[in-house]
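Worksheet: the structure to be examined is printed underneath.
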Amino acid sequence: MRFRDQLAACGYATYGDYLRSAHWQAFRRAYKSTGLRMTCVVCDRRPINLHHHTYVRLGCERLADVTPLCREHHTAVHQWLKDSGRIFVEYTHEAVAALGGVAPTATAPKAPATGKRGKRQRQRARKRAKQEALAAARVLATATDPVWRAELARADSLKLSQGERKVVNFKVRRGELAALGRYLDELTRQRAAREKIAAKQRRLEEHNARIVAAREAKAEQKKPKGNGYKHRPRATDPFQLNEVPSYAGDGGNWRRFLTRRAGGQQAA
């Protein structure tokens, strides 16, 4: 298929319209967020342009379909392709090598490490590959289907945990739109049920707090005034109201005190 036909199939009249499209801007953001090389492969400078070295997947590019080049060397690559008669961008790697750089996909592979270091390297490589596949899948899904955009926006609004986010990313990479919708529906129901239980628990706690406050208020009303005694003891002698009795001299025995007051002395 000719390049212009590919543009027309994607819904763009010119290549400039394609570069200004929301899809291409989203692809650029996805490329930057994956941690791939952000400097020119020739001069190692910034800022960069993402140069296509293949148009086979135009409109649904993979992250490996582009090469970072500065503005100067981007122009130089196209000029080299034009001067050499190799008008196809698939010769980009030769152009980069002629200019003194090495394209990312043309680097010689290193010998794989062994032991724990090799295990960590393989784990990082698998993680990086998953991130690239996820970024490409999200870009492709959000650029081509509004239903995908709605589902991904709904997933972002649910504040997913790490495990739930892994399940969503797996379904995005697999392109399982129906399964993703069912999973998000189930998460929404679970969150609604948890919120309902939490609201019921809050109402119960508020009810218990009101009961405790009412009991405390009732107990406060029943509490006696003054020093807390209903009947204060009389400070005077019941037999001689005008004299305060003192039992200290009689060892605290009120019978001895009464006997002595009557004129008699009881034997000890």
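The values are calculated or read from the model by the stated rules, or taken from the named source; none is laboratory data. What you are looking at is a predicted structure, and each value in this text was computed from that prediction instead of being measured. Note that we place each Cβ from the backbone using ideal geometry, even for glycine, and neighbour counts take in every protein chain shown.
A few comments on the model shown:
- Selection of region 61-82 for residues being closer than 16 Å to Tyr15 by Cβ and under 34 Å from the mean Cα position of the chain (by Cα) yields Glu61, Asp65, Val66.
Yes or no, residue by residue, for (1) at pLDDT 75 or above; (2) of a type in the set (Val, Ile, Thr); (3) assigned to a loop (DSSP other than H, G, I, E, B); (4) closer than 26 Å to Arg128 by Cα:
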site	(1), (2), (3), (4)
Pro68	yes, no, no, yes
Glu72	yes, no, no, no
Thr75	yes, yes, no, no
Trp80	yes, no, no, no
Asp83	yes, no, no, no
Ile87	no, yes, yes, no
Ala95	yes, no, no, no
Gly101	no, no, yes, yes
Thr105	no, yes, no, yes
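- For region 151-161, the candidate set comprises residues that are closer than 17 Å to Ala135 by Cα and surrounded by fewer than 15 Cβ atoms within 10 Å (Cβ to Cβ); within that set, the residue that is farthest from the chain's Cα centre (by Cα) is Ala153.
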